[in-house]
Amino acid sequence: MYQNLKSTSVLTVTNESLVRLIISPENEGETSVPDGYTLKFIAKAVYTNDSNEIVTNDVTWHSNNYLKLNPTVPNGTFEGLSLALKKYQRHGD
């Protein structure tokens with residue numbers, strides 16, 4: 001109780017656990033991103049009770065090669081960079 005105010009709520013705790021995180025392109029079949037364009041992915045969580053939910057905005061997105069593929073906003077969106085990098089390197093030499 002705080003300053004004579006009282007509140008109650010119901011909290012439901014379940015035993016479901018995350019068993020799989022599925023990453024797939026937003027547009028089925030897109031598997032590459034041209035230089036200067038973007039490609040959007042969707043993240044779906046699957047739980048032990050076979051329920052699932054889209055968690056694209058709840059996960060942190062990274063690239064294993066920031067020189068070719070840069071994560072941008074909104075979450076799940078990546079921009080292709082390799083041609084831009086090649087042009088920069090050619091003009092910078």
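Return the residues of the stretch 31-70 that are among the charged types (D, E, K, R) and under 16 Å from the mean Cα position of the chain (by Cα); say none if nothing qualifies.
Residues of the stretch 31-70 among the charged types (D, E, K, R): 35, 40, 44, 50, 53, 58, 68.
Residues satisfying the conditions are Lys40, Lys44, Glu53, Asp58.
Pull up the stretch 1-27, narrow it to residues that are within 16 Å of the chain's Cα centre (by Cα) and assigned to a loop (DSSP other than H, G, I, E, B), then point me to the one that is surrounded by the fewest Cβ atoms within 10 Å (Cβ to Cβ).
Here the answer is Asn27.
What number of residues within the stretch 50-93 are touching a strand residue (DSSP E or B) at 6+ places or on another chain (Cβ under 7 Å), of a type in the set (Ser, Thr, Tyr), in a helix (DSSP H, G or I) and at pLDDT below 90?
Going through the stretch 50-93 one residue at a time, the tally reaches 1.
The values are calculated or read from the model by the stated rules, or taken from the named source; none is laboratory data. The model shown is predicted, which means the values in this text are computed figures rather than measured ones. Virtual Cβ from ideal backbone geometry, glycine too; neighbours counted across all protein chains shown.
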